[in-house]
Structures are given as structure tokens and as C-alpha cells.
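This report refers to the structure that appears directly beneath it.
The values are calculated or read from the model by the stated rules, or taken from the named source; none is laboratory data. Note that the structure is a prediction, hence the values are computed from the model and not measured. Positions of Cβ are backbone-derived with ideal geometry, glycine not excepted, and every protein chain shown enters the neighbour counts.
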Amino acid sequence: MEKYDLMSDKAESFINEKEIAYTLAYARKYCADTAMVRHILAKAKEKHGLTHTEAAVLLLNEDREVWHEIAALAEEIKNAYYGNRVVLFAPLYLSNYCVNACTYCPYHAQNRHIFRKKMTQEEIKAEVMALQDMGHKRLALEAGEHPVYNPLEYILESIDTIYGIRHKAGAIRRVNVNIAATTVENYRRLHAAKIGAYILFQETYNKADYQKLHPRGPKADYAWHTEAMDRAMQAGIEDVGLGVLFGLHNYASEFVGLLMHAEHLEAVYGAGPHTISVPRLCPADDIDTADFANALPDGIFLKIIALLRLSVPYTGMIISTREGQRIREAALRLGISQISGGSKTSVGGYAAQDEPEADSAQFEISDRRSLDEVVRWLMEQGYIPSFCTSCYGNGRVGEDFMALCKKQAIHNFCTPNALLTLKEYLDNYAAPATVAVGEKLLREEMAQLPAPRRLYLQKRMDMLKEGKVVFF
């Protein structure tokens, strides 16, 4: 077995199973050691992060008072780095054709029940216009892995189509991409297509379980999949998004592996992951969650979210509509900074949402509220819903973004931009009840800004009436 080396380009070195085992043994030994726990919490209060070993100690600690302290600290750290802004996005499923045999995903090639569909460019236009009519500005493209139905040329053509659509007051300003691991050259092509972030979930960091869960297909190659972020960053993609599917393997091991991956990217490329997603295994066509023995209880799930915020305070954290309103509300306090809203996980689900259609969904949605309902709910909770994508247009990505974030200075850009995009949403898309809540929130938030910035922001808001959006 390879030795642990976070600077290595080999998956089994930077995600080293012996290191994970050692870390968990250490955490079990010291998780009830009051002096050790207090030392780690004191370090977390400095808001510069924790190592995977330190975070594991807190994860295995079972003291309720320690948990309350972790939760309060996670909320404090999130507010220090991200304030009360919550970024909104929607997934867009292009095709569910797939050659892999992933045992937890209904797209697997052996599933004969699911309705298979690949959208044409005209169908993609209809989907995007439906999303624009909701008010979305940021999409996450999803597609199964299939060399014939979903080649990279199809993904690139779809990105070009999406960026080219102008519909009413709408335009998609950022396209993130969540597709299968590929080559450095293909990542260069994605970078040239001006994607925002490249997102790829590891599913599980345990190699033995990974190989059982992926018995056939290109995804069966553990090293190829795990080293994908290295190839993407070598190709010039500065923002990448990590994630595991909690429930496939022991949660403590996955938590440690996820942090080791983040530490590797930070050490080698000068910037850790732009985002970390925390999906949990949930029911889907041809998939029974009872077949998996590592289901993650709500309490542990929320603790993992809080500890991720303590460990990588500068990283955006994403929760999807896999989770219901109650869990999403708790998760937002503990560290989540991005959520999806009004999501469909079927191919063609937005434009055809009022028409009966064969089910092509990847998983069941728990939060079925519309985008407008989610926006209003966020504001009623005291958050600023943000549709901002300004950092990408202004080059604040990768190390540059992280440098500002680590200095807790990203507020200077993100807060006024969030308010600007909220005003844009209220003027063009919101229901009257949402407008009333939103205008009150805008007045309260703008009153907290220094006078010169408030006046400057008001001028930019006035420009919205002329159809212009000028970001900070």
C-alpha cells in the first residue's frame, strides 16, 4: 500500500487507508479527553480550520455540551465568512443514458425500468427558458456517462446553447458542470467553454467498497475517478467541488477522506475545494436504501455539516432538495451556504412540469417547494437569497477568491451583489407576497451598509430599471 502523502498525485497516497484507520483510532482514543477536545475547540475558534485528525476527534465525541458548542461555533464561522447570504441554483439534467453499473444510482445500465432520455438543443432551450422564468441565474449541468449519447461535444454544445439564450429579463450567467471524470485535454475544453466550477462526487473514498459499488464501466476505476480534480485543476479549472454520498460507507471514514482530499488540493494547488456537497443516499427507481447498511441519522448528518464548516471555513457548502425543509433549515445555520430551489431531477422536467411524462428522475426530491417559496422562506429566516455570479465575471476565482474569503473580505463584494440580484429577482419574478417580504429585507440590509456604499448600490439598483446589471 502507498504511504500517506498529501502532495502525491496518486489517489491511494493522498486518500490513504492506513492514515484514515490511524486517524479514527486516534479519534476514538482522545474523543473523550477533555483537555484534547478543549484544545481543538480553541483552535477552531480562531476560524482558520482544523486538520482531518482534529475534526475526527470532535466527530466521535458524544458529549451533548460539546455538540452545542460545535453548533454555535459553526454558525459563528459561517457568518464570519459568508454572512447571511445563501446562493441559489438549480440542477439541469441533460441525459440519463449511462454505461456504468453503479449499484446506488437508477441510471445504471442494467436498469430496464427507467425512461431514458437525451435532450435535443431545442429541448434544452425550453428547459432553460423555464428556469429563467423562475428567476434562476446559476445552473449545475448533470448527465450520465455514455460515450455515444453523452460525448463531451454534446456537453460543450449544450453549454454554448445555454449561455446564448436571452429570454425576457433572464440570462444564465454561470454553468457549473457535474459530469464523469475525464482527461486533462477535455477539462481544458470545459475551461475554454467558461464553466464555473467542475463538480464530481467521490461517492465513497473506501476503495474496496468503491469497487463493489461500481462493478463495471469507466467509473469502476477508483484512481481515475479520485484523481479527477487534480486533472481538472492542472487543466486550468480553478474552482472544483467535492462531495461524498453519505450512506454508502461508514460516515466517519468518509468524513476523514473528504477532509484529506480538501487538504490535498489546498497543499498542491494553493486552493482547496470551492464547494463541498453533502448528499445522503435516498430512495430512487430500482434502488432500495434498505440494501445499504450505512444510513446516516439526522443528528450525525448535521454534526458532519457543522464540523465541515469548522474544518474548511472558507469553502462553500451545498445541500440539495434531497433533504426536506426541516433539515435544510438546520443545515443553513450550521454552515450551508448554497441550496437548490424549485429543482427537478428528471430529464426535461422543467418545461414539461405540468404534463404527465415517463419518470426519468435520478432520485426522489424531499423539498418540493417552488423557487419563489424557497426565496420567501429564506428571507423570513433572515437570509439574503443571492443569485450573484459576479466573481466569475471579475476573475475572483481559485486562489484569488480563497485569499479574499480567508481574510473574511469577500463580504465587500458578495453582500452588495446579493442585494442587487435580490432586487432583480423581486422586480422580475417574485410573487406579490415575496416582493413585500423582500422589499422590507432590502431596506433593513441596505441601512446597515456604510453611506457611500449604500448610495453606490442604490444607483446600481436604479440601473436595473434600464435593464442593466452592474456588479461589484
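Residues that are buried (at least 16 other Cβ atoms within 10 Å of the Cβ) and over 21 Å from the mean Cα position of the chain (by Cα) were ranked within the stretch 61-82; the one that is nearest to N16 (Cα to Cα) is N61.
Every residue, every condition in (1) under 20 Å from L302 (Cβ atoms); (2) in a helix (DSSP H, G or I); (3) of a type in the set (D, E), yes or no:
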{"position": "D9", "(1), (2), (3)": "no, no, yes"}
{"position": "K18", "(1), (2), (3)": "no, yes, no"}
{"position": "H48", "(1), (2), (3)": "no, no, no"}
{"position": "L59", "(1), (2), (3)": "yes, yes, no"}
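Does at least one position in the stretch 269-277 carry a residue that is in contact with a His (Cβ under 7 Å, 6 or more places away or on another chain), crowded, with 23+ Cβ neighbours inside 10 Å and at pLDDT 95 or above? No, the stretch 269-277 contains no residue that is in contact with a His (Cβ under 7 Å, 6 or more places away or on another chain), crowded, with 23+ Cβ neighbours inside 10 Å and at pLDDT 95 or above.
Taking the criterion of being in contact with a helix residue (DSSP H, G or I) (Cβ under 6 Å, 6 or more places away or on another chain) and either within 19 Å of F89 (Cα to Cα) or assigned to a loop (DSSP other than H, G, I, E, B) (or both), the residues of the stretch 431-472 that qualify are A431, T434, G438, V470, F471, F472. Residues satisfying the criterion are present in the stretch 142-149 (criterion: buried (at least 23 other Cβ atoms within 10 Å of the Cβ) and not in a helix (DSSP H, G or I)).
Residues that are assigned to a helix (DSSP H, G or I), surrounded by 21 or more Cβ atoms within 10 Å (Cβ to Cβ) and among the hydrophobic types (A, V, I, L, M, F, W, C) within the stretch 163-205 comprise just one, L190. When D354 is tested against (1) under 21 Å from K303 (Cβ atoms); (2) at pLDDT below 95, only condition (1) is not met. Of the residues making up the stretch 221-240, those that are closer than 17 Å to I15 by Cβ and surrounded by 17 or more Cβ atoms within 10 Å (Cβ to Cβ) are Y222, H225, T226, E227, A228, M229, D230, R231, A232, M233, V240.
Quick test for you: out of A11, A27, A44, pick the one residue that is among the small types (G, A, S), farther than 23 Å from G272 by Cα, out of contact with any strand residue (DSSP E or B) (no Cβ under 8 Å at 6 or more places or on another chain) and modelled with pLDDT of 95 or more.
Values: A11 fails: farther than 23 Å from G272 by Cα; A44 fails: farther than 23 Å from G272 by Cα.
Just one listed residue meets the conditions, A27.
The single residue among L265, L258, L242 that is part of a helix (DSSP H, G or I), under 15 Å from the mean Cα position of the chain (by Cα), within 27 Å of S340 (Cβ to Cβ) and of a type outside the set (K, R) turns out to be L258.
Condition check ((1) of a type in the set (A, V, I, L, M); (2) touching a Pro at 6+ places or on another chain (Cβ under 6 Å); (3) modelled with pLDDT of 95 or more) across all residues:
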position: M119; (1), (2), (3): yes, no, yes
position: M129; (1), (2), (3): yes, no, yes
position: H136; (1), (2), (3): no, no, yes
position: L139; (1), (2), (3): yes, no, yes
position: L156; (1), (2), (3): yes, no, yes
position: D160; (1), (2), (3): no, no, yes
position: H167; (1), (2), (3): no, no, no
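Is at least one residue of the stretch 42-58 touching a Leu at 6+ places or on another chain (Cβ under 8 Å) and free of Cβ contacts under 8 Å to residues at least 24 places away in the same chain? Please lay out each step first, then the result.
Here is the first cut: in the stretch 42-58, the ones touching a Leu at 6+ places or on another chain (Cβ under 8 Å) are 43-45, 49-52, 55-56, 58.
Among the residues that remain, those that are also free of Cβ contacts under 8 Å to residues at least 24 places away in the same chain are: 43.
Scanning the stretch 42-58 turns up at least one residue that is touching a Leu at 6+ places or on another chain (Cβ under 8 Å) and free of Cβ contacts under 8 Å to residues at least 24 places away in the same chain.
Within the stretch 111-124, residues that are on the phi < 0 side of the Ramachandran plot and among the basic types (K, R) have Cβ atoms under 8 Å from residues that are in a strand (DSSP E or B) and surrounded by 14 or more Cβ atoms within 10 Å (Cβ to Cβ) in these pairs: K117/S95; K118/L94; K118/S95, counting only partners at least 6 apart in sequence or on another chain.
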